[in-house]
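Written below as structure tokens is the structure these notes are about.
The values are calculated or read from the model by the stated rules, or taken from the named source; none is laboratory data. Only a predicted model underlies this, so the values are computations on that prediction, with no experimental measurement involved. Please note: Cβ atoms are built from the backbone with ideal geometry, for glycine as well, and neighbour counts cover all protein chains shown.
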Amino acid sequence: MDKDFLKGMQEEVFINTQKIIDDFGPRLAGTDADLKAADRLYDMMSETFDEAHQESFYVHQHAFLGWIRILVSSYLIAIILMWFKLYAVSFSILLIGLFILIIQFFLYLPLLDKLYPKKEAKNVYGIIEPKHEVKKQVIISGHHDSARIFNFFIHQPKLYNARTTGSIVIVILALISSLLLMIFNNQNWLYLGVSISLSILFLWVAQMWFFASKKGTPGAGDNLVAVCNAMAIGKYFKEHPLEHTRLIIASFDAEEEGLRGARDFAKKHFHELKKTPTILLNQDCLYDEAELFLLTSDLNDFVDLDQHLAQEVSETAKHLGIYLPLKPLAFLTGGTDAAELQKIGIPSLSIIGMPWTNSNRNLSYHTPGDILEKVSPEVVIDVLNIFMTYIHQKDQDMMNLEDESDHERD
């Protein structure tokens with residue numbers, strides 16, 4: 001597409017993003033600022049699209065990261081019990097702590113949710129209808145809630161991986177040690193060595209208690225700019241209607257609370273999403289065009305995203321002169337909203353604009369520095385270009401097939 005035209009779209013994306021940040025600030029899911037931002041997005045969609053909708057659901061605030069303090073507490077209690085030679089109880093408590101970690105963070109399942117305050121959250125989405133019969137739906141999405149500040153990304157960020165993954169490894173070592181002490185319970189040298197060592201290592205595990213702040217980030221690159229990007233695409237195709245493709249522009253809430261908004265959307269719209277062939281083009285953490293890539297897996301690498309869709313979009317980017325590699329999501333690095341749609345059988349992808357490992361992420365990620373100035377205009381332009389070109393090509397392919405069918409009948 002024309003570079004100057006795309007530049008104009010990008011500038012509008014930045015204006016809309018900054019306006020919402022200026023008006024509402026950080027938008028932790030379930031807060032008043034988050035709900036007001038959702039209302040603003042709904043008003044903007046109502047003015048532009050054929051339809052606009054808000055859907056409320058409930059989120060249990062801060063439950064998603066609740067496993068962290070449970071793991072720290074279980075480790076402390078287990079070590080105390082170990083000193084009293086209550087090895088079986090120590091083993092059981094550590095096992096429960098690790099089980100909660102697996103369910104709550106590895107798999108993003110709501111094990112702890114009901115223990116935390118219940119708050120309203122809102123998904124917002126708009127619809128742009130095509131000129132003719134709907135034969136396909138494309139959801140373009142981002143999330144409007146912002147993240148809690150991760151203190152480890154502010155203080156000694158290079159030690160992030162050692163402090164987080166290292167703490168989990170220490171808890172696993174404590175579990176194994178308690179099992180060994182049960183087996184060799186008459187070995188005093190082993191009892192003393194293990195108890196002293198694990199007690200000292202508690203200083204490392206204890207850091208995790210302060211992992212996340214109660215304060216939120218401005219959430220520009222993660223992920224409000226993606227929402228405004230999706231809306232810009234919707235506005236373009238409202239003015240230049242597609243032939244057979246319905247667009248759904250979705251802004252999910254509570255992504256930072258374990259993808260709860262996308263999960264609620266998938267549950268409520270399951271039948272209509274399955275009725276018409278549908279794909280999801282999700283965007284997350286758009287910071288740097290040099291780091292753009294497509295996910296082939298999600299949710300700590302437990303959910304496979306649609307490989308064919310990713311390859312098609314990557315090929316579109318290649319024709320535009322944009323290198324867009326395909327990569328799996330590394331274990332212990334979280335997830336994106338694409339996972340929830342893929343889990344119900346909707347071919348989904350996420351496009352990411354930063355390195356996605358615990359030892360190497362954008363310096364603004366989950367910090368107070370997640371401001372618009374840290375988002376490259378070029379990354380927005382590239383994603384606009386890729387997604388709009390891909391959507392238009394696939395719509396034209398349906399038109400060409402229709403023309404061929406008409407020709408064959410004649």
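Checking region 55-78 against the condition returns a match, with at least one residue being in contact with a Ser or Thr (Cβ under 9 Å, 6 or more places away or on another chain), surrounded by fewer than 20 Cβ atoms within 10 Å (Cβ to Cβ) and free of Cβ contacts under 8 Å to residues at least 40 places away in the same chain. Given the structure, is residue 185 in contact with a Lys or Arg (Cβ under 8 Å, 6 or more places away or on another chain) and either closer than 21 Å to residue 72 by Cα or in contact (Cβ under 8 Å) with a residue 60 or more places away in the chain (or both)? When the stated conditions are applied, residue 185 passes them. Once region 15-50 is narrowed to residues that are among the polar types (S, T, N, Q) and assigned to a helix (DSSP H, G or I), the residue that is farthest from residue 140 (Cα to Cα) is 18. Residues considered: 299, 281. Of these, the only one that is in the same structural domain as residue 367 (by TED's automatic domain parsing), farther than 20 Å from residue 249 by Cα and touching a residue at least 12 places away in the same chain (Cβ under 8 Å) is 299. Being touching an Asp or Glu at 6+ places or on another chain (Cβ under 6 Å), in the same structural domain as residue 307 (by TED's automatic domain parsing) and either assigned to a helix (DSSP H, G or I) or at pLDDT 95 or above (or both) holds for only one residue in 261, 234, and it is 261.
Among the residues making up region 19-55, those that are among the polar types (S, T, N, Q) and closer than 25 Å to residue 258 by Cα are 31, 54.
For residue 47, the criteria (1) within 30 Å of residue 241 (Cβ to Cβ); (2) in contact (Cβ under 8 Å) with a residue 60 or more places away in the chain hold in every case but one, which is (2).
Just one of the listed residues (330, 317) is outside any loop (DSSP other than H, G, I, E, B) and among the hydrophobic types (A, V, I, L, M, F, W, C), and it is 317.
Scanning region 350-370 for residues that are touching a Ser or Thr at 6+ places or on another chain (Cβ under 7 Å), in a loop (DSSP other than H, G, I, E, B) and modelled with pLDDT of 95 or more yields 366, 367, 368, 370.
Residue 316 - would you say it is assigned by TED's automatic domain parsing to the domain that holds residue 138, farther than 21 Å from residue 253 by Cα, surrounded by 17 or more Cβ atoms within 10 Å (Cβ to Cβ) and polar (S, T, N, Q)? So residue 316 passes the test. In region 326-347, of all residues being of a type outside the set (A, V, I, L, M, F, W, C), surrounded by 22 or more Cβ atoms within 10 Å (Cβ to Cβ) and closer than 14 Å to residue 302 by Cβ, the one that is farthest from the chain's Cα centre (by Cα) corresponds to 342. Taken over region 296-314, the residue count meeting the criterion of being charged (D, E, K, R) and part of a loop (DSSP other than H, G, I, E, B) is 2. Set side by side, the residues 271, 308, 240, 244 differ, and just one is surrounded by fewer than 18 Cβ atoms within 10 Å (Cβ to Cβ) and under 14 Å from residue 391 (Cβ atoms), which is 240. Being crowded, with 21+ Cβ neighbours inside 10 Å, over 30 Å from residue 271 (Cβ atoms) and either in contact with a helix residue (DSSP H, G or I) (Cβ under 8 Å, 6 or more places away or on another chain) or of a type outside the set (A, V, I, L, M, F, W, C) (or both) is a property that holds for residue 148. Entry remark, region 96-124: residues being of a type in the set (Lys, Arg) and within 15 Å of residue 263 (Cα to Cα) number 1 in total.
Just one of (1) surrounded by fewer than 17 Cβ atoms within 10 Å (Cβ to Cβ); (2) in contact with a Ser or Thr (Cβ under 9 Å, 6 or more places away or on another chain) fails for residue 39. It is (2).
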